[in-house]
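Before any comments, here is the structure.
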Amino acid sequence: MRQPESLGLSKAKLEALREVVGGRGCVVRYGYMAYSWGDPARSADVASAVKPVISTLLLFAVQEGRVTSVDAAVSEFEPRLKTLNQGKDASITWRHFASQTSGYGLAEPPGRAYAYNDLALALYCDTLTQKVFGTNGTEALRIRLAEPLQFEDHYSFSPFRRPDRDGRLAISTRDFARFGLLYLRGGNWRGKQLLQTNLVQMALSSPVPANTPPAGGEEAEMLPSQRTLGGTRNITSVGPGFYSFNWWLNGTNSAGQRLFRHAPPDAYAAAGHGGIRVLFIVPSLELIVCWNDGQIQDHDESPGNPNTRMNQATRLACEAVTGP
């Protein structure tokens with residue numbers, strides 16, 4: 001732990017950030033812990049903030065040659081998709097899952113519409129871990145992220161210890177910040193390139209086009225006993241212009257509204273439960289902020305609304321940077 005001022009951070013702004021966010025969390029700059037509140041070692045579910053972790057495991061699968069491309073058909077590993085809905089779902093790719101444009105369980109063909117779909121994400125996670133890696137999510141995470149990044153605290157892809165809820169992630173805020181630092185460093189960790197730079201760059205530069213229409217809501221057949229990561233098959237229409245390999249980029253939607261009003265355009269985040277659980281990264285400021293069990297629940301209302309708690313928090317985080 002270093003003093004905030006030694007890393008060009010305002011302690012007063014960080015304390016204001018803590019008051020807005022609540023819960024527990026930590027702030028990292030230049031790879032050093034600068035500030036924390038609550039217990040940053042406590043491990044707990046991060047809800048949908050796990051999704052960029054799932055897509056990072058996909059990138060490792062590509063790097064290892066297990067999957068030929070993010071644009072390969074998922075049906076190569078889940079052949080039941082080939083005949084589902086008269087073949088409509090045969091062309092679902094890994095990129096579709098990572099972009100929430102798969103159309104799985106909905107009337108639209110893959111790639112035609114956006115739907116924030118937790119049933120599709122469960123199929124994504126299960127197929128990737130069980131059929132591509134041939135193991136469970138915790139083991140896949142251990143080999144590729146937890147051990148190389150030297151996680152300090154408990155982690156699990158089964159935080160509820162229920163098979164129907166696997167694919168969520170229990171992790172501490174300080175370990176989740178390490179995951180953020182891997183991205184901030186372009187896939188490099190202490191001089192070793194863990195994940196190819198081009199794959200990291202692709203994940204952070206492939207948003208769903210802003211003019212992508214939302215799914216209409218008409219449902220279609222899914223695979224038998226399809227489980228969910230937690231929510232429904234069409235949770236929110238917010239995403240086009242922002243959503244890239246399950247990260248929330250600070251891009252603009254079709255109305256020209258930026259997601260995080262007061263943050264630089266290169267900022268991005270993993271977000272769960274509407275902002276209760278967040279990993280926020282600003283490369284141009286060398287800044288990472290991570291929190292859990294916070295009091296923010298208006299992430300989806302942030303485009304075009306500078307007064308959301310999410311926008312207040314990201315503004316204070318950026319304003320905390322007072323120097324190089």
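The values are calculated or read from the model by the stated rules, or taken from the named source; none is laboratory data. In this text, all values refer to a predicted model and were calculated from it rather than measured experimentally. Reconstructed Cβ throughout: ideal geometry from the backbone, glycine too, with neighbour counts over all protein chains shown. Note: areas computed on protein heavy atoms with side chains; ligands, DNA, RNA excluded. Shrake-Rupley method; radii C 1.70, N 1.55, O 1.52, S 1.80 Å.
Taking the stated definitions as given, is Asp126 out of contact with any strand residue (DSSP E or B) (no Cβ under 7 Å at 6 or more places or on another chain) and open to solvent by less than 10 Å² (accessible area, probe 1.4 Å)?
Numbers: out of contact with any strand residue (DSSP E or B) (no Cβ under 7 Å at 6 or more places or on another chain): yes; open to solvent by less than 10 Å² (accessible area, probe 1.4 Å): no.
No; evaluated as a whole, the condition is false for this residue.
For the range 138-159, which residues satisfy the criterion of being part of a helix (DSSP H, G or I) and either free of Cβ contacts under 8 Å to residues at least 40 places away in the same chain or surrounded by fewer than 17 Cβ atoms within 10 Å (Cβ to Cβ) (or both)? Reasoning before the result, please.
Taking the range 138-159 first, the residues part of a helix (DSSP H, G or I) are 138-146.
Matches in the range 138-159: Thr138, Glu139, Arg142, Ile143, Ala146.
Of all the criteria given as (1) open to solvent by 20 Å² or more (accessible area, probe 1.4 Å); (2) closer than 24 Å to Thr236 by Cα; (3) assigned to a helix (DSSP H, G or I); (4) acidic (Asp, Glu), the one not satisfied by Glu108 is (3). Only residues that are in a loop (DSSP other than H, G, I, E, B), open to solvent by less than 20 Å² (accessible area, probe 1.4 Å) and in contact (Cβ under 8 Å) with a residue 24 or more places away in the chain were counted in the range 237-257, giving 7.
Of everything in the range 258-270 that's open to solvent by 70 Å² or more (accessible area, probe 1.4 Å) and part of a loop (DSSP other than H, G, I, E, B), which residue is nearest to Ser206 (Cα to Cα)? Among them, the one singled out is Pro265.
Is it fair to say Ser225 is over 30 Å from Glu5 (Cβ atoms) and without any contact (Cβ under 8 Å) to a residue 24 or more places away in the chain? Step through it out loud before you land on a result.
Details: over 30 Å from Glu5 (Cβ atoms): yes; without any contact (Cβ under 8 Å) to a residue 24 or more places away in the chain: yes.
In short, yes.
Out of the residues in the range 300-324 meeting the condition of being in a helix (DSSP H, G or I) and open to solvent by 40 Å² or more (accessible area, probe 1.4 Å), tell me which one is nearest to Lys11 (Cα to Cα). By that ranking, first place goes to Glu319.
Among the residues of the range 73-84, not a single one is in contact (Cβ under 8 Å) with a residue 24 or more places away in the chain, touching a helix residue (DSSP H, G or I) at 6+ places or on another chain (Cβ under 6 Å), open to solvent by 10 Å² or more (accessible area, probe 1.4 Å) and under 24 Å from Cys318 (Cβ atoms).
Does Thr56 fit the bill of being at pLDDT 95 or above and in a helix (DSSP H, G or I)? Yes; evaluated as a whole, the condition is true for this residue.
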